[in-house]
Amino acid sequence: MSNIPGVIIKSKFKLPQATRRARRYTTYLSYIDRPETKARSHQFENYHDYMEDELKSSGLFTATQDRLSATEREQLRDIFRRAQENGSILWQDVISFDEAWLQEVGVKENRYIDEQRLMQATRNATSLMIEKEQMLHATWTAAIHYNTDNIHIHVATVETFHPRERGKRKPKTIEKMKAQVVHTLVDRTREQEKLNAFIRDEVLAHKLNHSTESLSNRILHPELVRQYKAIQKRLPDDKRQWYYNMNGMKEVRPSLNQLTDTYLATHFEKEHAAFKQRLDTEVAFYERSYGSASQASAYRKTKEQDLYTRMGNAILSEMRESSKSPQELAKVETSSPKQKIRSAFRCERIMQETLYRIGRHMNDEWDHIKNQRAFEQLEQEVQHER
């Protein structure tokens, strides 16, 4: 598998008057006014000529049109010409693709290129850029080029009214454009269908088979009981702190994570292994598409932490429900031996019921974790996490 990122976006901009001194500005005017350079007197307008070269391009397309007539092309040139005269910056983006990646995601098959998907990816990414940068009066055009080793798309954008003075855009905007391109081109529907079938046939069947067991016939795992009791003893007095990410739980979180691991290894060993394998697949896809090992690693950590958070809160929720008040504990300490024995049996029954509820609660969270759409649509989730 290639180490080249599936998608790369390179961006730059041109000022309508690329000068720092008035003298250079007048020199530039003289230069573009020479008879032999009249065709170049409007640099923004003639950028279309390069983009639209029929020998190497699909032709210009826009937000609403796949092909432009001669009249429409001239109208577009006029918009760019007037934008430059009004002081607009010209933003130039180049979206390039690794052709092996395009084949992997089904955009390229032998010599066939799905231009419609490439155009739609460009539209979605450019629309997002305009929204994030608040370019209220933007006009853009683009063309797909085939004249190099890698298929690439040139995008040109100007502002027709109230142009801004600075051309630099936020790095996160470019990153989001890239994520939008990947999201548009990659169809993970089949992967999601496989995951749903897996949940339906494996996890839900497991829950149905265990939901009718009576409490008296249920055997509790001794290691789960031991870890549960150990956590219970270390909880802060203030129950308002009994949530996984609260500051008061900092010292207890590793133990909660360990209990989650033990629970999954005991009751969902096969499913947990499948979850990890699926996560490996998604992380590999992330790194292949975006070319960032560090960000792929961060995604893995985020997903694993989400699992621990949800499962940990499932445990703590049941602990809050089953915990005794200080008054109840004091009453047990001052009771007779017979009452203490009865209390011990009652506590054991409460423990069993609580662990059973925790199991049901954690099963529900486990289903949610594996069934969330964001897990199958990695590229969309990355945008929000950034």
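Before moving on, here are some points about what is shown:
- Sole residue being farther than 20 Å from Ile8 by Cα and modelled with pLDDT of 90 or more, chosen from Gln134, Gln116: Gln134
- One residue alone among Arg240, Arg253, Arg288, Arg234 is under 29 Å from Asn3 (Cα atoms) and of a type in the set (Lys, Arg), and that residue is Arg288.
- In a residue-by-residue description of segment 204-218, the property of being modelled with pLDDT of 55 or more, in contact with a helix residue (DSSP H, G or I) (Cβ under 7 Å, 6 or more places away or on another chain) and not in a helix (DSSP H, G or I) applies to no position.
- Those residues of segment 104-122 which are more than 22 Å from the chain's Cα centre (by Cα), of a type in the set (S, T, N, Q) and part of a helix (DSSP H, G or I), in sequence order: Gln116
- Sole residue being under 30 Å from His183 (Cα atoms) and part of a helix (DSSP H, G or I), chosen from Asp280, Asp261: Asp280
- Among the residues listed as Asn147, Asn110, the single one being at negative phi and either of a type in the set (Val, Ile, Thr) or modelled with pLDDT under 95 (or both): Asn147
- Of all residues in segment 249-275, those satisfying the criterion of being modelled with pLDDT of 90 or more, over 12 Å from Met311 (Cα atoms) and either surrounded by fewer than 16 Cβ atoms within 10 Å (Cβ to Cβ) or of a type in the set (Phe, Trp, Tyr) (or both) are Lys250, Glu251, Pro254.
- Counted residues, segment 306-329 - those being more than 15 Å from the chain's Cα centre (by Cα), in a helix (DSSP H, G or I) and within 23 Å of Asn257 (Cβ to Cβ): 16
- Qualifying positions in segment 85-121 - surrounded by fewer than 18 Cβ atoms within 10 Å (Cβ to Cβ) and aromatic (Phe, Trp, Tyr): Tyr112
- Of everything in segment 2-27 that is surrounded by fewer than 13 Cβ atoms within 10 Å (Cβ to Cβ) and closer than 30 Å to Asp149 by Cα, the residue that is modelled with the lowest pLDDT is Ser2.
- Restricting attention to segment 283-297, the residues being surrounded by fewer than 16 Cβ atoms within 10 Å (Cβ to Cβ) and part of a helix (DSSP H, G or I) number 4.
The values are calculated or read from the model by the stated rules, or taken from the named source; none is laboratory data. Everything numeric here is computed off the predicted structure, so don't read it as measured data. Counting neighbours? That spans all protein chains shown, and the Cβs are built from the backbone with ideal geometry, glycine included.
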